[in-house]
Every structure is written in C-alpha cells, then in structure tokens.
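Here's the structure, in structure tokens; my notes come after.
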Amino acid sequence: MDKDQQNDKGSVSSISGEGYLKIAETIKPILESVKSSDSPKFVFITGGIGAGKTTIRRQEFSKDYINFDFAEISKAIEKAFDQKPPRLIDYSFWACDMILGDSITNHKNIVVELIGDNVDQITILATKMKELGYDVNINGIVCDVAEAYKRHMKATTEDKDYMSSYFSFELTLMSLYTHLGLGKVPMNDLNP
C-alpha cells in the first residue's frame, strides 16, 4: 500500500513494490542513455523565463548528459501510469531520487536548468557537486525581455507539455538538496 505519514521529524513516504518497479522501469531508458565519465560534469543553465534555457539544454546537452528536470520526469511518470496518479508528486520525487542516485554513483554528466536568481542556491549545490568529484559549469542565458515573452507565449500555446522553469525549478532544487542532504533550499525574500 502506498501512503504518506507525518511525524515530528518530517514526512515519510512509502510506495508499493509494484509502484517502485514501474517507476524504475520508466526511468531505465533515461539512465541507460548516459554512460559513466572519468571526469563527470554538472552543468547549470540559468536565465529568465523564455530566455531559451530549455532549448539550449536540449540542443547542447541532449547527448551524454542526464537532463535532470522535475517537470519532465514527472510527465514521464504520469504517462507510465496512463493517468495522473493520485500521488504523482510523490512518485516523481521517488523517480528523481532514483535518477540522482544512479547518476552520482556512476559519475554521469548531469545538466539542470534554473532561474538562477539566488546565489546561495547555486553556490551550495555547486560546492557539494565539486566535493563529489564533478566539474561544475554555469551557463547564463540572456535574452531581450520582449523576445523572451514572445517565446514563452509561443511555447504555452504550441506545446501541451510545456512547463516554465519558473514553476518547476524549485521542485528540481528540492530533489537535489534532499538527495544530497543539503537541508532546506534557500529561497528569495519574495519567494518564502
């Protein structure tokens, strides 16, 4: 039986063996598509909404990198279960943890995209990844605001699965911070 429980130390999520195996089967192609590296890389792609982070990530890092994006992983889990499971967010966190566990243990290149407006978020994560033997790179994408708005509006109308990193980057960060034991993700004053 899948369930969540609250206690004084946080929440505990459990999943059935069948659910776990279905998630493992879903992420298997993601993990098998990237080989281990002697000098693994961890790449941040940062920039505002509509700047082109996803486009760059998909064009420049689709091969030889685990594209770690909570929204995309969640969509894969939703499709695997042929509907939106009642615990989609829990299943997505399970999948993210499994992907990170395999990727870090096997020294696979990883790329993430974030807004990048909080130096502490990136610094803490970059420091930890360097400690784990990763070469860390930060790629900032800059775009004219009017052009970014136009791109964003086009994506929202043409791609039914589009989710702006504005809505998913915190979940991506939360998955990384949780897996790496980094504590609570530092948030901006405007985003408590």
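The values are calculated or read from the model by the stated rules, or taken from the named source; none is laboratory data. All of these numbers come straight from a predicted model, not from anything done at the bench. Reconstructed Cβ throughout: ideal geometry from the backbone, glycine too, with neighbour counts over all protein chains shown.
Is there a residue in segment 144-158 that is without any contact (Cβ under 8 Å) to a residue 60 or more places away in the chain and within 15 Å of the chain's Cα centre (by Cα)?
Within segment 144-158, none of the residues are without any contact (Cβ under 8 Å) to a residue 60 or more places away in the chain and within 15 Å of the chain's Cα centre (by Cα).
Looking only at segment 57-75, count every residue that is part of a helix (DSSP H, G or I) and either modelled with pLDDT of 95 or more or under 19 Å from Leu173 (Cβ atoms) (or both) and tell me the total.
The number of residues fulfilling the criteria is 7.
Is there a residue being assigned to a helix (DSSP H, G or I) and free of Cβ contacts under 8 Å to residues at least 12 places away in the same chain anywhere in segment 34-53?
No, that holds for no residue.
Ile89 passes all but one of (1) assigned to a helix (DSSP H, G or I); (2) among the β-branched types (Val, Ile, Thr); (3) crowded, with 17+ Cβ neighbours inside 10 Å; which number fails?
(3)
Among the candidates Gly116, Gly101, Gly133, which residue alone is within 25 Å of Lys63 (Cα to Cα) and in contact with a strand residue (DSSP E or B) (Cβ under 8 Å, 6 or more places away or on another chain)?
So the residue among Gly116, Gly101, Gly133 that is within 25 Å of Lys63 (Cα to Cα) and in contact with a strand residue (DSSP E or B) (Cβ under 8 Å, 6 or more places away or on another chain) is Gly116.
Suppose we keep only residues that are part of a helix (DSSP H, G or I) and touching a residue at least 60 places away in the same chain (Cβ under 8 Å) within segment 105-124. Which one would you say is surrounded by the most Cβ atoms within 10 Å (Cβ to Cβ)?
The residue in question is Gln121.
Going by the conditions given, is Val142 hydrophobic (A, V, I, L, M, F, W, C) and buried (at least 18 other Cβ atoms within 10 Å of the Cβ)?
no
Out of Met174, Met153, Met129, report the one residue that is at pLDDT 85 or above, part of a helix (DSSP H, G or I) and surrounded by fewer than 17 Cβ atoms within 10 Å (Cβ to Cβ).
Met174
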